[in-house]
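J.: Sharing a structure with you now.
The values are calculated or read from the model by the stated rules, or taken from the named source; none is laboratory data. What you see is a predicted model, and the numbers here were worked out from it, not measured in a lab. Virtual Cβ from ideal backbone geometry, glycine too; neighbours counted across all protein chains shown. All accessible areas refer to the heavy atoms of the entire protein, side chains included, with ligands and DNA or RNA removed. Shrake-Rupley method; radii C 1.70, N 1.55, O 1.52, S 1.80 Å.
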Amino acid sequence: MIPSDGHARGATPVDHRAAIAVETARFVAALKDADPTTAVPSCPGWTLADLVRHAGSVQRWFSALLHARVQEPPRTREVDLRLPDRWDGYADWLAESATVAAEAFAATDPDLPMWAWGVDRHARFWARRMLFETLLHRVDADLALGLRPTVDRPLAVDGIDEFLVNLPFATSFAPGVANLRGPDRTIRFRATDGDGDWLVRLRSDGFGLDTSGAADESADATVRGTAADLLLLLYGRLHRDAEVFTRDGDEDLMTLWFGNSAF
């Protein structure tokens, strides 16, 4: 389901670089008058200050990788964060992190071959990955502050695809992924608000998206919801028991999936 341009097939194209700026601005806006000690329920043990620090650090680290044109796994995540000493500087610092990222994108051809831990070994991988890191942590901030998070549908569709095509490669930091295997078992995620159908096939040697286009093939387990809600489900921000979903099929298969696909 992932062509060479890094977009989900059949989906509205997403400008990942531009969307990072938009999502960061939404994140920054949510921080106005916020208490830095606010707990973040979707990131247990984190405060809002921890969340902002992480989101900006990821943007700056990915930007350093782009500037370095890395061709092998980096040995360190150290980067000059320029993190302010006081919380009242964190919002501006996060906004500046997006500017650092924009400068890295401007200096880097998205088609440049680069090391990446996922399926797309080009510079564009890092822009797409940065977008969904930023978007999900903006959602985390909304949840922590009692706001109802919204995700634009084109981003949600692209984000589901990005998550599922890269998940098989995530075992180095998500070891449970290695347990996602089985004797030809399938789980489907189907959007109820437009096009969007993802069939994941578990095999004895692993799993992956079925790209055969068999949209009418019956699955052993199916979850249906809006694209935005499915994205939040895959990232653990919603539970499959939530009223926004309908599901049918093998509950043991769903338990296997959701118990081992934490990212």
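J.: Out of V28, V70, I need the residue that is touching a Phe, Trp or Tyr at 6+ places or on another chain (Cβ under 8 Å) and more than 27 Å from L209 (Cα to Cα). Which one? Step through it out loud before you land on a result.
T.: Values: V28 fails: touching a Phe, Trp or Tyr at 6+ places or on another chain (Cβ under 8 Å).
Just a single option satisfies the conditions, and that option is V70.
J.: For segment 249-263, indicate whether the set of residues that are among the hydroxyl-bearing types (S, T, Y), assigned to a loop (DSSP other than H, G, I, E, B), modelled with pLDDT of 95 or more and open to solvent by less than 30 Å² (accessible area, probe 1.4 Å) is non-empty. Steps first, please.
T.: The initial filter retains those residues of segment 249-263 that are among the hydroxyl-bearing types (S, T, Y), namely 255, 261.
Remaining after also requiring assigned to a loop (DSSP other than H, G, I, E, B): 261.
Applying the additional criterion that residues be modelled with pLDDT of 95 or more yields 261.
Retained after the next criterion (residues that are open to solvent by less than 30 Å² (accessible area, probe 1.4 Å)): 261.
Yes, segment 249-263 contains a residue that is among the hydroxyl-bearing types (S, T, Y), assigned to a loop (DSSP other than H, G, I, E, B), modelled with pLDDT of 95 or more and open to solvent by less than 30 Å² (accessible area, probe 1.4 Å).
J.: Next question. Taking D216 as the residue in question, decide whether it is of a type in the set (D, E), at pLDDT 95 or above and surrounded by fewer than 20 Cβ atoms within 10 Å (Cβ to Cβ). If you could, list the steps in order and put the result at the bottom.
T.: Numbers: of a type in the set (D, E): yes; at pLDDT 95 or above: no; surrounded by fewer than 20 Cβ atoms within 10 Å (Cβ to Cβ): yes.
Criteria not met by D216.
J.: Consider D205 carefully, then state whether it is more than 29 Å from V139 (Cα to Cα), among the acidic types (D, E) and touching a residue at least 24 places away in the same chain (Cβ under 8 Å).
T.: Yes.
J.: For segment 177-193, which positions are farther than 18 Å from E251 by Cα and loosely packed, with under 14 Cβ neighbours inside 10 Å?
T.: The answer is A178, and nothing else.
J.: Considering segment 51-103 alone, what residues qualify as being among the polar types (S, T, N, Q) and farther than 22 Å from T38 by Cβ?
T.: The first filter runs over segment 51-103 and keeps only residues among the polar types (S, T, N, Q), leaving 57, 59, 63, 71, 76, 97, 99.
Of everything in segment 51-103, those that are among the polar types (S, T, N, Q) and farther than 22 Å from T38 by Cβ turn out to be S63, Q71, T76, T99.
J.: Residue by residue through segment 8-22, note down the ones that are open to solvent by 60 Å² or more (accessible area, probe 1.4 Å), touching a helix residue (DSSP H, G or I) at 6+ places or on another chain (Cβ under 6 Å) and at pLDDT below 95. Walk me through it before giving the result.
T.: The initial filter retains those residues of segment 8-22 that are open to solvent by 60 Å² or more (accessible area, probe 1.4 Å), namely 9-10, 12-13, 15, 17, 22.
Remaining after also requiring touching a helix residue (DSSP H, G or I) at 6+ places or on another chain (Cβ under 6 Å): 12, 17.
Scanning segment 8-22 gives a single hit, T12.
J.: Ok, one more. Hey, does segment 40-49 have a residue that's among the aliphatic types (A, V, I, L, M) and either outside the structural domain of L136 (by the TED database) or not in a helix (DSSP H, G or I) (or both)? Outline the logic, then answer.
T.: Residues of segment 40-49 among the aliphatic types (A, V, I, L, M): 40, 48-49.
Narrowing further to those that are either outside the structural domain of L136 (by the TED database) or not in a helix (DSSP H, G or I) (or both): 40.
Taking every residue of segment 40-49 in turn, at least one turns out to be among the aliphatic types (A, V, I, L, M) and either outside the structural domain of L136 (by the TED database) or not in a helix (DSSP H, G or I) (or both).
J.: Run down L234, L230 and say which single residue is over 11 Å from R190 (Cα atoms) and buried (at least 17 other Cβ atoms within 10 Å of the Cβ). It would help to see each step written out before you state the result.
T.: Numbers: L230 fails: over 11 Å from R190 (Cα atoms).
The match here is L234.
J.: In contact with a Lys or Arg (Cβ under 8 Å, 6 or more places away or on another chain), surrounded by 12 or more Cβ atoms within 10 Å (Cβ to Cβ), at pLDDT 95 or above and aliphatic (A, V, I, L, M), is that true of A30?
T.: Working: in contact with a Lys or Arg (Cβ under 8 Å, 6 or more places away or on another chain): yes; surrounded by 12 or more Cβ atoms within 10 Å (Cβ to Cβ): yes; at pLDDT 95 or above: yes; aliphatic (A, V, I, L, M): yes.
Criteria met by A30.
J.: Can you tell me which of A91, A55, A156, A98 is touching a residue at least 40 places away in the same chain (Cβ under 8 Å) and in contact with a His (Cβ under 7 Å, 6 or more places away or on another chain)?
T.: Result: A55 is the single residue among A91, A55, A156, A98 that is touching a residue at least 40 places away in the same chain (Cβ under 8 Å) and in contact with a His (Cβ under 7 Å, 6 or more places away or on another chain).
J.: Pairs please, first residue from segment 124-153 and in contact (Cβ under 8 Å) with a residue 24 or more places away in the chain and in the same structural domain as A107 (by the TED database), second anywhere and open to solvent by 40 Å² or more (accessible area, probe 1.4 Å) and part of a helix (DSSP H, G or I), Cβ atoms under 6 Å, 6+ apart in sequence or on different chains.
T.: Close Cβ pairs satisfying both conditions: A127/R17; R138/R26.
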